[in-house]
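The values are calculated or read from the model by the stated rules, or taken from the named source; none is laboratory data. Everything numeric here is computed off the predicted structure, so don't read it as measured data. Note that we place each Cβ from the backbone using ideal geometry, even for glycine, and neighbour counts take in every protein chain shown. Just the protein is used for accessible areas: all its heavy atoms, side chains included, with ligands, DNA and RNA removed. Shrake-Rupley method; radii C 1.70, N 1.55, O 1.52, S 1.80 Å.
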Amino acid sequence: MSEAVYRKILHDTALKAPQSSGVYMWKNEEQTVIYVGKAKNLKNRLSSYFSGNKDIKTRLLISHAASIEYITTTNEYEALILENNLIKKYNPRYNINLKDGKSYPVLRITKEDFPKVFRTRRLLQDGSTYFGPFPDVNALDTFIETMYKLYPLRHCRTLRKRESPCLYYHMGQCKAPCAGKITKEEYQKNIEEIIEILSSKNQESLEKLTAEMKKAAAELNFEKAGRLRDGIKALMVMQNQNIVEAFDIDDKDYINYAAEGELVSFTVLKIRHGKLIGRENYRVETLSDEDDYLAEFMACYYEEKDQIPPAIIIPSTESYDIIVKWLKDTYKDVNCSLIIAQNQKDLAAIQMCRQNAREDIIRRLRDRGDTPAMKELKDLLDLDTLPVRIEGFDIAHIGGKFPVASLVSFYNGNPDKKNYRYFRLKTTDGIIDDFASMREAVSRRYTRLVNEQLDLPDLIMIDGGIGQVNAAEGILQALNLDIPIVGLAEKFEDIYLPGNSTPIRLPRRSDALRLLQRVRDETHRFATSRNQNLRTKENTKTVFLEIPGIGEKRALALQKQFTTLENLAGQEESAIAQCLHVNAMKAAQILLSVKDLLEKRDEKKKLQKLSLGISGTTKEKAFEAQYISNLADLALEDEKEEENDE
């Protein structure tokens, strides 16, 4: 049967489902279970798969499914238990599948007669001694390298008996236990010192290394002194990162997550005896509702009662009652409290989890290039190519003052900060008109790209509604450019296309919407930060500093006596000479400069009036031509105005 036939069968099944809680299973043509889900209302949940625009993963699920089966339950809690059991039984490809993300490394000292010291991410229950975790991998590597320079540790992975020592022995970096050149007791003293350094909470270890560094410097052995200096820095960083002791003495787990579309990353902070002993990241791709994330994750994560601490802290009340009941029923003899983070310490730890999870989501999006979002945008907007390069615009001002337009660039679905730009708007300074501001920014950007024959973006996104979109589209048409353009209005996250006042409203988990939101949020952040910088700069700067040859002292003297540039321009040369204690020729030059400055300001105001006062079809065309002509000169100056984001 064709995909369309299967889809109709699936949709009919959904419409006939009961309005009770239960568990449903999607199966493919081979009757293999490919997804298991639970619902408070089976009919509503299943029907939702066939309404509106769905993300890539949902569409893939439907395209691979041939049938739906469901099992009704008396309540949502029973549905959770049944769902968890079925997921463990069938291991469906579209369900949560915990994948351990990259964890922080630890330092391992093996349990051998002649132990080896090295970095690892694996903890083996073989008697080895571990220190960490250490978020700064470079600091850990520098520390280990320094220890190998200070102590004659073995370098070989596997210790084998040799007749003659290796090169490290002849370099003085190993005592050759392989050739019997050092006893176990002597070697163990070195290991004990390293353990003491790592375990020390006082300054003894640092003082010891500092003394050796000074001794090496006094002996003019600057290479060794440099290594020791780096080792001290690494040790200081590591001692600050080795453990977290800001919590109470109880054992507990903190759990939080971050999500983008179907991607969800969970972070678990494990506190034991009041210290942070580990952080675990788990990567998930799921089609479940956000309210179900925590319950489903915990059901998968806590598979053994020995894993469960006395307290588990979560960020919100999502599925709280269900999780509590599941813990009590599943692990009857385990005393565990489920706590919603409220006090300052718990909230700080939960935020730490959230930040780690969010960083992992960003890495995942960067690694995959956010192709699903770009594909969905291509289909949604009927684009000829994938929107690999997206440029976004936003306007920021305070009551019309210090107007700034931001331009951010996304490449492959991720920020490309070296191509960020901002424009200090010149035609709307002092005037509140976002449409005119958008016209100026778009005109200056793409006039320059056309003049310099640079690559154009695949899509333009405007932070705003139909008015801003039409304003930008008018400039593109005047420049004879055919670049797709959309607007994203923040209130309802509506998407607007040029000339169409009826918006597109996507599901909140849509990959395409998520990408547009990321571009919009970045344009807003960048524009706001630039506007704030200008306000701060302007508030500490007098307008008289714009006069050529006038420094801060003279500017303050002029401001104190004449108040405004207009008042100064109406003065006699003698008044300026007396105020600044300069000769008549210098005073005349200052007066001419002031009048020239005011003339330039008047020209700017005329340009502003031109941008605001023309209407009618014929006049609009004339205006666009004149507007482009006026702004072409401004575009030539933009290299001075633009700055890369830090």
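Some values worked out for this structure:
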quantity: Sole exception among (1) in contact (Cβ under 8 Å) with a residue 60 or more places away in the chain; (2) under 28 Å from the mean Cα position of the chain (by Cα); (3) closer than 23 Å to D250 by Cβ for C300, by number; calculated: (3)
quantity: Entirely in the stretch 1-95, the helices (runs of 4 or more DSSP H) that have 3 or more residues that are touching a residue at least 60 places away in the same chain (Cβ under 8 Å) and either touching a helix residue (DSSP H, G or I) at 6+ places or on another chain (Cβ under 8 Å) or farther than 26 Å from L380 by Cα (or both); calculated: 56-64, 76-90
quantity: All positions within the stretch 1-32 that are open to solvent by 10 Å² or more (accessible area, probe 1.4 Å) and either among the acidic types (D, E) or within 17 Å of Y94 (Cα to Cα) (or both); calculated: E3, D12, M25, K27, N28, E29, E30, Q31, T32
quantity: Residue list for the stretch 444-457, filter: open to solvent by 60 Å² or more (accessible area, probe 1.4 Å) and polar (S, T, N, Q); calculated: N451, Q453
quantity: Options K619, K604, K640, K609; residue that is at pLDDT 55 or above, assigned to a helix (DSSP H, G or I), open to solvent by 60 Å² or more (accessible area, probe 1.4 Å) and not aromatic (F, W, Y); calculated: K604
quantity: Among (1) more than 25 Å from Q517 (Cβ to Cβ); (2) in contact with an Asp or Glu (Cβ under 9 Å, 6 or more places away or on another chain), the one test that N480 misses; calculated: (2)
quantity: Number of positions in the stretch 168-187 that are under 49 Å from the mean Cα position of the chain (by Cα) and free of Cβ contacts under 8 Å to residues at least 60 places away in the same chain; calculated: 8
quantity: Total residues in the stretch 134-149, condition within 12 Å of T120 (Cβ to Cβ) and either open to solvent by less than 10 Å² (accessible area, probe 1.4 Å) or at pLDDT 85 or above (or both); calculated: 3
quantity: Residues of the stretch 150-191 that turn out to be assigned to a helix (DSSP H, G or I) and either modelled with pLDDT of 85 or more or closer than 25 Å to M213 by Cα (or both), as a count; calculated: 15
quantity: Residue within the stretch 458-471 that is closer than 19 Å to N500 by Cα, in contact with a Leu (Cβ under 8 Å, 6 or more places away or on another chain), part of a helix (DSSP H, G or I) and open to solvent by less than 10 Å² (accessible area, probe 1.4 Å) present; calculated: yes
quantity: Positions within the stretch 258-267 being at pLDDT 90 or above and either closer than 22 Å to P310 by Cβ or outside any strand (DSSP E or B) (or both), in sequence order; calculated: F266
quantity: All positions within the stretch 472-529 that are farther than 24 Å from P403 by Cα, surrounded by fewer than 21 Cβ atoms within 10 Å (Cβ to Cβ) and of a type in the set (K, R); calculated: R505, R508, R509
quantity: One residue from R505, R525 being within 19 Å of D394 (Cα to Cα) and under 25 Å from the mean Cα position of the chain (by Cα); calculated: R525
quantity: Residue list for the stretch 308-326, restricted to those being in a helix (DSSP H, G or I) and on the phi > 0 side of the Ramachandran plot; calculated: none
quantity: Evaluation of V324 against (1) more than 26 Å from the chain's Cα centre (by Cα); (2) farther than 19 Å from L80 by Cβ; (3) open to solvent by less than 60 Å² (accessible area, probe 1.4 Å) (one fails), failing number; calculated: (2)
quantity: For R45: the one exception among (1) more than 30 Å from A373 (Cβ to Cβ); (2) at pLDDT 80 or above; (3) among the basic types (K, R); calculated: (1)
quantity: Boolean, D329 is in a helix (DSSP H, G or I) and open to solvent by 20 Å² or more (accessible area, probe 1.4 Å); calculated: yes
quantity: Qualifying position, being charged (D, E, K, R) and farther than 28 Å from R505 by Cβ, among E490, E452; calculated: E452
quantity: Which numbered condition F410 misses (of (1) assigned to a helix (DSSP H, G or I); (2) in contact (Cβ under 8 Å) with a residue 40 or more places away in the chain; (3) under 30 Å from Y282 (Cβ atoms)); calculated: (1)
quantity: Any hit, the stretch 77-93, residues being open to solvent by 30 Å² or more (accessible area, probe 1.4 Å), over 36 Å from the mean Cα position of the chain (by Cα), at pLDDT 85 or above and of a type outside the set (G, A, S); calculated: no
quantity: Residues that are at pLDDT 70 or above, open to solvent by 20 Å² or more (accessible area, probe 1.4 Å) and either within 23 Å of P115 (Cβ to Cβ) or among the acidic types (D, E) (or both), drawn from the stretch 194-236; calculated: I195, E196, E207, K208, E212, E219, E223
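Residue-by-condition table, conditions (1) of a type in the set (A, V, I, L, M, F, W, C); (2) in contact with a His (Cβ under 7 Å, 6 or more places away or on another chain); (3) open to solvent by less than 10 Å² (accessible area, probe 1.4 Å):
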{"position": "F410", "(1), (2), (3)": "yes, no, yes"}
{"position": "G413", "(1), (2), (3)": "no, no, yes"}
{"position": "D416", "(1), (2), (3)": "no, no, no"}
{"position": "N419", "(1), (2), (3)": "no, no, no"}
{"position": "R424", "(1), (2), (3)": "no, no, no"}
{"position": "R439", "(1), (2), (3)": "no, no, no"}
{"position": "V442", "(1), (2), (3)": "yes, no, yes"}
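The rows are residues; the columns are (1) touching a Pro at 6+ places or on another chain (Cβ under 8 Å); (2) in a strand (DSSP E or B); (3) open to solvent by 20 Å² or more (accessible area, probe 1.4 Å); (4) at pLDDT 90 or above.
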{"site": "E280", "(1), (2), (3), (4)": "no, yes, yes, no"}
{"site": "R283", "(1), (2), (3), (4)": "no, yes, yes, no"}
{"site": "S288", "(1), (2), (3), (4)": "no, no, no, no"}
{"site": "D291", "(1), (2), (3), (4)": "no, no, yes, no"}
{"site": "D306", "(1), (2), (3), (4)": "no, no, yes, no"}
{"site": "V334", "(1), (2), (3), (4)": "no, no, yes, no"}
{"site": "D346", "(1), (2), (3), (4)": "no, no, no, no"}
{"site": "M352", "(1), (2), (3), (4)": "no, no, yes, no"}
{"site": "R358", "(1), (2), (3), (4)": "no, no, yes, no"}
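Every residue, every condition in (1) aliphatic (A, V, I, L, M); (2) within 52 Å of the chain's Cα centre (by Cα); (3) open to solvent by less than 100 Å² (accessible area, probe 1.4 Å), yes or no:
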{"residue": "A569", "(1), (2), (3)": "yes, yes, yes"}
{"residue": "E572", "(1), (2), (3)": "no, no, no"}
{"residue": "L580", "(1), (2), (3)": "yes, no, yes"}
{"residue": "L597", "(1), (2), (3)": "yes, yes, yes"}
{"residue": "K600", "(1), (2), (3)": "no, yes, no"}
